[in-house]
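Nothing in this text is a laboratory measurement; each read-out follows from the coordinates by a stated rule. Quantities reported herein were computed from a predicted structural model and do not represent experimental measurements. No Cβ is skipped: glycine too gets one built from the backbone with ideal geometry, and neighbour counts run over all protein chains shown.
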Amino acid sequence: MKVVKIATAGSVDDGKSTLIGRLLYDTHSLTEDKLQAIVEKSRQRGFDYLDFSLATDGLIAEREQGITIDVAHIYFSTLNTSFIIADTPGHIEYTRNMVTGASTAQASIVLVDARNGVVEQTYRHFFINNLLRIKNVIIAVNKMDLVDYSEEKFNQIKGEIEYLASKSNFQNQNITFIPLSALKGDNVASKSENMPWYQGEILLDYLEDLKQEDAQDQSQVRFPIQTVVRPKTDEFHDFRGYSGKIYGGDLEVGDEVMILPSTTKSKIKAIHFFDKQYQKAKRGSSVTITLEDDINVNRGDMIVKVAELPNITKELSARICWMDKTPLRLASRYYLKHGVNDVQAKVIDLKSLIHTDFSGKEEYPSALHLNEIGEVQLKLSKPVFYDSYDKNKENGAFILIDSKTNNTAGVGFIK
Amino acid sequence: MINTNILKVGALESEAIYILREVVAQFEKPVLLFSGGKDSITLVRLAQKAFYPAKIPFPLLHIDTGHNFEETIQFRDNLVKELGVELIVRHVQDSIDKGRVREETGKYASRNLLQTETLLDTIEEFNFDACIGGARRDEEKARAKERIFSIRDDFGQWDEKNQRPELFDMLNGRIDLGQNVRVFPISNWTELDVWTYIKKENIQIPSIYFAHKRPTFIRDGLIWSAADDIVYREEDEQVEERIVRFRTVGDMSCTAAVLSTATDLETIVSEIRESAISERGARIDDKRSEAAMEKRKQQGYF
């Protein structure tokens, strides 16, 4: 069974949680006890319909305010697909949680309230989906029941988004438009009889047709070392294995490799996964490898193929999405975590603040505030071994950590 | 060729192994919270795989409520012996005797909440900086909001409105003195995934997970064990022998059984697939209120 990771996006009250509740309900994924709880709560609150958002808004404050504050991860399956959905918040102040939910998604559902059309948060979320290079974006025009299932309204919204998309710098993104009503169930899991003018796929069919590996592109193999395994037992006296997860491509016994930063060369002697050995290992697998030569390899080092070297640098140019209340400023210092490699970073240039409505950028701003996106130049205490985010998502992203609070303060996408 | 992505549980397995390796790399004194239930048994298997051929590089900690199913304790001791790992046991009874907590009384009395105090005391006693647990996001909707590295303060409190963003695979384990992290490597697993994995790996689990005859009584539509005195029973609650199994193994006083004839893993997997009631639906501690789990977590509950 394939696994498909999806994130939701859209402005507050556009009905993200309701849509997920509806998907759960229509795929019979809500167990009797959970459904019963929704029925009772809806009645208690005096609603004349089932409030499906109660299925996902798991925090007290969320139910009190009727909004989503943090990402909820929801799991459900159909016959051939297992879905992981990150239900993300719509409020501007929780944009960082939206980015968190979307970072590992291969598809993103952006909800638009058919009555209000494209609003500021729609721009912003559409922009972030672009920045994160999420391959498949579904523009779900919701609440069609409240605009008399008007085709004209739907086309108007479609036109506005298509105009935005034309300004995007990620032209390979697949954008699909679906008119639906999460509350009533139109075009969610069954074809709506109220919109005969819509000939496209319904939402669930579209999601089921997504392929599992769509999230990342095949590129060059990267093996960042997490831990060195030295059992020091009689049976494995001289065993020295390097553990990590494989990104970008595959590894095979006999591959000529280089260890970074030392640039020492060696060959892969064996690939271990628990008590078995394999000739080849596919990307995404957490394995332990041994090398032909006795080399000093540490956590944070990276093993790559000799013919496929990444960029090695002590200065980075990146787009940053800022996630902390304390703004990012010129000359500020942070811990930078690039995969499992930790270095220190100093902001040596704050080049621009990018407007998330695709209207361009402001040059040399004084700071990047919470939820703002900008371009920076960073100087590093030690080199990192990177690919551009366009080529390899995992090896092209990093986080900045505030050295005083230890909070994750921002995420960067390397150019 | 090893390609863990082919199977869903394979991809989840690689993710969990990655997380466990990050814990060992980023923390000085990690510990695995072991309840004897299927989720913590699965965690132990994953830890074994993550560091093989070396031994699991952290101890197991069992917070013993004293309300255990006999079989799970035997099972625990055998497992620890087989793997050669250190086991630490701390008893809720000791916290009660020392006056740290007060025993609940009456019909719904349970020691589930009291565990928190014993856990926090133990974390302090050993200076553990990372506690690895088998909680899953599909269990309950407050759990669905939990990060993989979840920061707790001195009081074990979860600041649910101010969680660190977790992007891609990157896990930020930097903490201040006095803080610790709860780590959930199987966050993205569902109950069905856990069972599918147990079956695939042929992992041994305690016998109470399989259908067996047990003296039971019914309360609030749920089936309770009357095999011993641990679950409080009123006189008019009739004991009857039924064929049951348990879906979760928590404190006996708050864990209900389900009617089942599943005596092997194959049948359990298909039973879970068709089940109409959620796993925690048989946990009375979650039924106290809609916000029961969140409130417990704010107080440091695991």
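Hey, quick one: spin label on B:E125, modelled 7 Å out along Cα-Cβ, who in the stretch B:41-68 has an amide N within reach, i.e. under 15 Å?
Under 15 Å, as judged by backbone N against the label point of B:E125, lie B:59-66 of the stretch B:41-68.
Between A:K232 and A:S403, what length comes free when the chain is fully extended (0.36 nm per residue of separation minus the Cα-Cα distance, one decimal in nm)?
Values: separation 171, 0.36 × 171 = 61.56 nm, distance 3.61 nm.
My answer for the length gained is 58.0 nm.
Residue-wise, which Karplus ³J(HN,Hα) couplings in Hz belong to the stretch A:316-323, taking 6.51 cos²θ - 1.76 cosθ + 1.60, θ = phi - 60°, and x for glycine or proline?
Per-residue couplings from phi come out as 10, 10, 8, 8, 10, 9, 8, 10 Hz.
Rank A:G241, A:G185, A:G46 by mean-square fluctuation in a GNM of chain A with C-alpha springs under 10 angstrom and give only the top-ranked residue.
Judging by the Gaussian network model, the answer is A:G46.
Apply the a/c threshold of 1.5 to the C-alpha gyration tensor of the stretch A:46-204 and tell me whether it is rounded, prolate or oblate.
Rounded, because the longest to shortest axis ratio a/c is under 1.5.
How many nm separate the modelled label positions at B:R100 and B:D220, each set 7 Å beyond the Cα in the direction of the Cβ?
2.7 nm
For peptide B:135-141, compute the average count of partner chain beta-carbon atoms within 10 Å of each residue's beta-carbon.
Mean partner shielding for this stretch: 4.
Hey, what did chain B get for relative contact order, percent, Cα under 8 Å, at least 6 apart?
Details: 512 pairs, mean separation 60.9, N = 302.
Value for chain B: 20 percent.
Would you mind checking A:K158/A:K211; A:K5/A:K135; A:K34/B:K145; A:K211/A:K269; A:K5/A:K391 for any pair whose Cα atoms are more than 23 angstrom apart?
Exceeds cut-off: A:K158/A:K211; A:K211/A:K269.
Just need the relative contact order of chain A here, percent rounded to a whole number, with Cα pairs under 8 Å and 6+ apart.
After rounding, I find 12 percent.
Could you give me the ³J(HN,Hα) list for the stretch A:275-280, computed from phi with Karplus coefficients 6.51, -1.76, 1.60 and θ = phi - 60°, whole Hz, x at Gly and Pro?
8, 10, 10, 10, 6, 9
Return the sequence-ordered ³J(HN,Hα) values of the stretch A:11-23 in whole Hz as given by the Karplus equation 6.51 cos²θ - 1.76 cosθ + 1.60 applied to θ = phi - 60°, using x for Gly and Pro.
Result, ordered by residue: 6, 4, 6, 7, x, 5, 5, 5, 4, 5, x, 5, 4 Hz.
Could you work out how much longer the chain between A:D294 and A:K361 gets when fully extended? Use 0.36 nm per residue separation minus the Cα distance between them, nm to one decimal.
Details: separation 67, 0.36 × 67 = 24.12 nm, distance 5.09 nm.
That works out to 19.0 nm of additional length.
Within the stretch A:65-131, list the trypsin sites (Lys or Arg not before Pro) lying in a DSSP loop whose Cβ has at most 13 other Cβ atoms in a 10 Å radius.
Filter output for the stretch A:65-131: A:R115.
By the gyration tensor of its Cα atoms, with a ≥ b ≥ c the square roots of the eigenvalues, what is the shape of the protein assembly as shown: rounded for a/c under 1.5, prolate for a/b over b/c, or oblate?
oblate
Filter the chymotrypsin sites (Phe, Trp or Tyr not before Pro) in the stretch A:19-56 down to the DSSP loop ones having no more than 16 other Cβ atoms within 10 Å, then list what survives.
Of the chymotrypsin sites (Phe, Trp or Tyr not before Pro), the ones in loops of the stretch A:19-56 whose Cβ has at most 16 other Cβ atoms within 10 Å are A:F47, A:Y49.
Please find the FRET efficiency linking A:A270 to A:Q218, where r is the Cβ-Cβ separation and R0 is fixed at 25 Å, and quote it to the nearest 0.05.
Result of the calculation: an efficiency of 0.55.
Considering only DSSP states other than H, G, I, E and B, which trypsin sites (Lys or Arg not before Pro) in the stretch A:314-360 qualify as loop sites with at most 16 other Cβ atoms within 10 Å?
A:K325, A:R329
Please find the FRET efficiency linking A:D148 to A:H369, where r is the Cβ-Cβ separation and R0 is fixed at 45 Å, and quote it to the nearest 0.05.
Given R0 = 45 Å and the Cβ-Cβ separation, E is 0.65.
Just tell me how shielded A:46-56 is by partners: mean number of partner chain Cβ atoms within 10 Å of each residue's Cβ, no decimals. Intermediate results must be reported in sequence, preceding the final value.
Details: counts 0, 0, 0, 0, 0, 0, 0, 0, 2, 2, 3.
Mean partner-chain Cβ count within 10 Å for A:46-56: 1.
Return the average number of partner chain Cβ atoms within 10 angstrom of each residue Cβ along peptide B:16-26.
Mean partner-chain Cβ count within 10 Å for B:16-26: 5.
Using DSSP, restrict attention to beta bridges with both residues in the protein assembly as shown and report what percent are antiparallel, rounded to the nearest 5.
Details: 96 of 135 bridges.
About 70 percent, rounded to the nearest 5.
Name the residues whose placed amide hydrogens come within less than 5 Å of the amide hydrogen of A:A409, ignoring near sequence neighbours (fewer than 5 apart) on the same chain.
Residues meeting the amide H criterion: A:L400, A:I401, A:D402.
Under a Cβ-Cβ cut-off of 14 Å, what is the net charge of the residues other than B:L43 that fall near it, where Lys and Arg count +1 and Asp and Glu count -1?
The answer is +2.
Where does helix A:32-44 land angle-wise versus the long Cα axis of chain A, in degrees 0 to 90, nearest 10?
Orientation of helix A:32-44: about 50 degrees from the principal axis.
Using a/c under 1.5 as the rounded threshold, could you call the stretch B:206-287 rounded, prolate or oblate? The axes a ≥ b ≥ c are square roots of the C-alpha gyration tensor eigenvalues, and prolate needs a/b larger than b/c, oblate otherwise.
prolate
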